[in-house]
1. Search the stretch 367-400 for residues being assigned to a loop (DSSP other than H, G, I, E, B) and farther than 16 Å from Pro353 by Cβ, and hand back the single one that is farthest from the chain's Cα centre (by Cα).
2. Within the group Phe24, Phe60, Phe108, which residue is within 15 Å of the ligand (Cβ to nearest atom) and over 23 Å from the mean Cα position of the chain (by Cα)?
3. Condition check: more than 23 Å from Phe306 (Cα to Cα), modelled with pLDDT of 95 or more and buried (at least 17 other Cβ atoms within 10 Å of the Cβ). Does Ser249 satisfy that?
4. With over 21 Å from Met110 (Cα atoms), outside any strand (DSSP E or B) and of a type in the set (Asp, Glu) as the only criterion, which of Glu62, Glu17 stands out?
5. Please verify whether the stretch 254-269 includes one or more residues that are assigned to a helix (DSSP H, G or I) and either more than 16 Å from the chain's Cα centre (by Cα) or surrounded by 18 or more Cβ atoms within 10 Å (Cβ to Cβ) (or both).
6. Please go through (1) within 14 Å of the chain's Cα centre (by Cα); (2) in contact (Cβ under 8 Å) with a residue 60 or more places away in the chain; (3) within 16 Å of the ligand (Cβ to nearest atom); (4) in a helix (DSSP H, G or I) for Val204 and return the number of the only condition it doesn't satisfy.
7. For the condition at pLDDT 95 or above and in contact with a helix residue (DSSP H, G or I) (Cβ under 9 Å, 6 or more places away or on another chain), what is the one hit in Glu304, Glu397?
8. Within the stretch 221-240, count every residue that is within 16 Å of the ligand (Cβ to nearest atom) and outside any strand (DSSP E or B).
Amino acid sequence: MYAVRNLKDDITYLGVEDRRLHLFENIFPLDRGVTYNSYLIQDEKTALLDTVDHTAGKQFLENLEHVLCGRKLDYLIVNHMEPDHCALIDEIVLRYPEIQVVSTAKTFQMISQFFTLALTEEQKLVVKEGDELSLGKHVLSFVMAPMVHWPEVMFTYDKTDGILFSADAFGVFGTNNGNLFADEMNYKAKDFTDDARRYYSNIVGKYGMQVQNVLKKACKLEIRMICPLHGPVWREDLDFIVGLYDKWSKYEAEDKAVAVFYNSVYGNTESVINALTLRLAEKGVKNIAVYDVSKTDVSVLISESFRVSHIVFGATTYNNGLFPKMENLIQDMKALTVQNKKYAIIENGTWAPAAGKLLKAELDSMKNMEQVGETLTVKSATFNLEALDALACAIAESLK
Ligand code: FEO
């Protein structure tokens, strides 16, 4: 059964909701699923904007066939060549051989890498920044968005209706459940923002500067609707999602707040973390978030590291190094260029504590990271209570 919805009389959403996939990119858990968005403009010419993941192919092709209703497909515009969006390119070209594929030169290079499909010169239309394509009433212009989040990425701007087809930008984890537009769901709810941030920080987080560059270009366009490749379409309160992307891409904390990331082998480090958080609360620190890194997916920790201003690490020494889950978190933070944080360290080691020194070296190698208080050393279950009080005071003071 086809499942489509009109954005406008002549623009249709053909995307597919995926509640089956457990791991996006075979790494990120999907508690609320994900959508693969695709759009069709039907004017004097018809233009399909991106396809979907191959797992959603049957539904997508049924949607396309239904909406075209026998019309010819003139253009396939490829904004992003990652396989969760481009997997059906060869199938589309086989079904509609008169089509022209419209994209950047880099995209065509990637098409030849991903597919055995050999496009003829007539089937290719290479575009660059500012080029325009008229479909009749709709005039499309192309905005290059390299590294948001692959190098070939472009946005397509429909000048006629003020619609920005924004590739991965402004995407969100989670299905829409029929409520295609963000204003039809509680987009200000915590779970939505958490999924939006988890998507941004883990997928695009490394490329803040490139996101800033494209936001500056987008500011010059009159945008009335944003159509990303994942999650809902934005037709109201665009400043909400644009504002979040602006903040995240500047690596500014959303909340002046503290998150605690700890690992604990036998519960002693956890016990000290509990003593610290109680002291912080007594000093007026609210909404403390505490995560056992052994039990929490690292994508959630990354998202939280983008959200908060302060991070407390509780780390045991393991094989004379960091506990593997903590090491993995730190390396992921570095890869995604987490920066501008205040941090505190509690280390544990029974005979040769080393975690604190190792953590500090890693954190100080990241941009604009500042330690609050002194590293508190726990030996097994023993530590200096006055030093814990002093650390709690320093963190609470720093949050004021
Ligand atoms: Fe949703 Fe970068 O692909």
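1. Across the stretch 367-400, the extreme among qualifying residues is Gly373.
2. Phe60
3. Here the answer is no, as Ser249 does not meet what is asked.
4. Glu62
5. Looking for residues that are assigned to a helix (DSSP H, G or I) and either more than 16 Å from the chain's Cα centre (by Cα) or surrounded by 18 or more Cβ atoms within 10 Å (Cβ to Cβ) (or both), one finds at least one in the stretch 254-269, hence yes.
6. (2)
7. Residue meeting the stated conditions: Glu304.
8. 5
The values are calculated or read from the model by the stated rules, or taken from the named source; none is laboratory data. Owing to the predicted nature of the structure, the values given are computational and were not obtained by experimental measurement. As a convention, Cβ positions derive from the backbone with ideal geometry for all residues, glycine included, and neighbour counts pool all protein chains shown.
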